[in-house]
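What follows is a set of notes on a single structure, which appears directly below.
The values are calculated or read from the model by the stated rules, or taken from the named source; none is laboratory data. Small disclaimer: the values here were computed from a predicted structure and weren't measured. Here the Cβ is made from the backbone with ideal geometry for all residues, glycine too, and neighbour counts use every protein chain on show.
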Amino acid sequence: MLKIFNSLTNKKEEIKPIEEGLIKMYTCGPTVYYYQHIGNMRAYIFMDSLRRVIKYNGYKIKGVMNVTDVGHLTSDEDSGEDKMELASKRENKSPQEIANFYAGIFFSDLKKLNIDIPENITYATHFIPQMIEFVKGLEEKGYTYKIDDGIYFDVQKFPEYGQLSNKDLSKTGNARIEENKNKHHPFDFALWKFVEPNHIMKWDSPWGVGCPGWHIECSAMGRTLLGDRFDIHTGGIDHKTIHHEDEIAQNDALAGHRVVNTWVHNEFLLVDGGKMSKSLGNIYTLEDLEKRGYSAMDFKYFCLNTHYGKKLNFTFDGLTASKNGYKNLKTLVNEHKFGTAKIDKDTISLYKKKFLDAINDDLNIPLAIGQIFTILKTSEKSKDIYDLVLDFDRALGLELDACENHTSLEIPAEISTLAQQRWEAKKNKDYQKSDELRAVILQKGYVVKDNKDGYTIEKLEQ
Ligand code: AMP
Ligand code: ZN
């Protein structure tokens, strides 16, 4: 019985799939205007753990993660500047080039972290018609209004607004100063924003030329791929109070019922006890860690040793301890590989039960890792233990079979992007495009191999 803490009810609840045997799950993905930092990576490592534990329990999973490649604004409140356009000016590249470049690095980071990538990766710019349809639907139901700079959602028409973070429509004392004073309520948010003629990314709509509000992206992509009832929605805790409240309002207003059953949020990664910030110069990427001699997997192991729902303070001392711990763990696993002792079935079953109890208790992976150490240290050297731990690793994704000093092959970002695009083309049954992309990848010296869970990329022998 898999139990997860549902932010909507503030309780640990058993996951009961809407469709038997299948979990449908949406994850808020990156905005690809810059590098994703290690804090962001904690969110995807959490997604990975959840996906793996779901699969370990025998469910199938249909996952969706968006890539936001259309500029949304630099704050949650529909104000500020458009991030994609800022990047485009900064780097003198088109928004498309910016998006491709940073998405490439992002997917290459996910691969390095051995993250189980969702079945569907959706680029926001490919779903503009669905977003427009969504807003039209809300308009027909009377949930929208138009002011000088866009179409807005009228939260007062949706009295349940604020259920995720206990926000009360009558108490707006903490609402930040809004740029647009014409809004009917401070919590109202943009569904469609009109843009200046010199704006690069813009689309026609029934309301005028503009671009979608950020929140509508996730709602429209979720609805298109997962329908109007699905099981789980994940994201970092920072999205709980605005982005996800707004998603719930749009979704449930359009559908006329609750769309997402379980909302799960990962807590933040802090650096040196505080928020990462440019001024402190402590925004690290995986590459920064690699340059200092830590692998992406050392960082994953560091994250997995703290429950996703707790704040995690990143320090290089902590990471060094994790690097050593991870190395010890793999050494211990390998010591069992050729062990000849036999372990009786009851003992193996007991270990399995304890492991399952830990991971099914709201992903208590730190406890599960502790159990694995105990098993490895207290058992006689045995291939049975080796096999058992590798089976557990399906739920952890720690590459415990890799020999101790294994370093994963670095795949250039460009190749990762091409491989991801090929995979999507194949899933959309566009076999011509997928074959073309495979050929391009081959020409560049890499080969993609499909397997039952996805694909791998290998460098061709010279
Ligand atoms: P963004 O590109 O800002 O939308 O962030 C991508 C994901 O990373 C979202 O799920 C965020 O909630 C999450 N996130 C951002 N910063 C952190 C952090 N410091 N620790 C953990 N998760 C984070
Ligand atoms: Zn989202």
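The numbered conditions (1) modelled with pLDDT under 95; (2) out of contact with any Phe, Trp or Tyr (no Cβ under 9 Å at 6 or more places or on another chain); (3) within 15 Å of ligand 2 (Cβ to nearest atom) are all true for residue 70 except (2).
Counting only strands (runs of 3 or more DSSP E) that sit completely within region 181-242, those holding 1 or more residues that are within 16 Å of ligand 2 (Cβ to nearest atom) and within 12 Å of residue 26 (Cα to Cα) correspond to 230-236. Tell me, please, whether a residue that is farther than 23 Å from residue 54 by Cβ and out of contact with any strand residue (DSSP E or B) (no Cβ under 6 Å at 6 or more places or on another chain) can be found in region 265-272. Yes: region 265-272 contains one or more residues that are farther than 23 Å from residue 54 by Cβ and out of contact with any strand residue (DSSP E or B) (no Cβ under 6 Å at 6 or more places or on another chain).
Condition (residue is out of contact with any Cys (no Cβ under 8 Å at 6 or more places or on another chain) and under 13 Å from residue 254 (Cα atoms)) applied to region 156-166: is it met by at least one residue?
The answer is yes; a qualifying residue exists.
In region 425-439, the residues that are under 17 Å from residue 123 (Cα atoms) form Cβ pairs under 8 Å with partners that are among the polar types (S, T, N, Q) and part of a helix (DSSP H, G or I), at six or more places apart or across chains, as follows: 425/434; 426/434. Condition first: among the aromatic types (Phe, Trp, Tyr), buried (at least 17 other Cβ atoms within 10 Å of the Cβ) and not in a loop (DSSP other than H, G, I, E, B). Now tell me which residues in region 274-324 satisfy that. Across region 274-324, the qualifying residues are 299, 301, 302, 314. In the set 93, 112, only one residue is more than 13 Å from ligand 1 (Cβ to nearest atom), over 26 Å from residue 263 (Cα atoms) and more than 21 Å from the chain's Cα centre (by Cα); that residue is 93.
Residue pairs whose Cβ atoms lie under 7 Å apart, sitting 6 or more positions apart in sequence or on different chains, and linking a residue in region 211-229 that is in the same structural domain as residue 149 (by TED's automatic domain parsing) and away from ligand 1 (no atom under 16 Å from the Cβ) to a partner that is modelled with pLDDT of 95 or more and of a type in the set (D, E, K, R), are 226/24; 226/62. Just one of (1) within 16 Å of ligand 2 (Cβ to nearest atom); (2) assigned to a helix (DSSP H, G or I); (3) buried (at least 20 other Cβ atoms within 10 Å of the Cβ) fails for residue 252. It is (3). Contact map, region 338-354: first residue assigned to a helix (DSSP H, G or I), second residue among the aliphatic types (A, V, I, L, M), Cβ cut-off under 8 Å, separation 6 or more or different chains; pairs are 348/388; 351/375; 351/388; 352/388.
Taking the residues in region 1-32 that are among the hydrophobic types (A, V, I, L, M, F, W, C) and at pLDDT below 95 as candidates, determine which candidate is surrounded by the fewest Cβ atoms within 10 Å (Cβ to Cβ).
1
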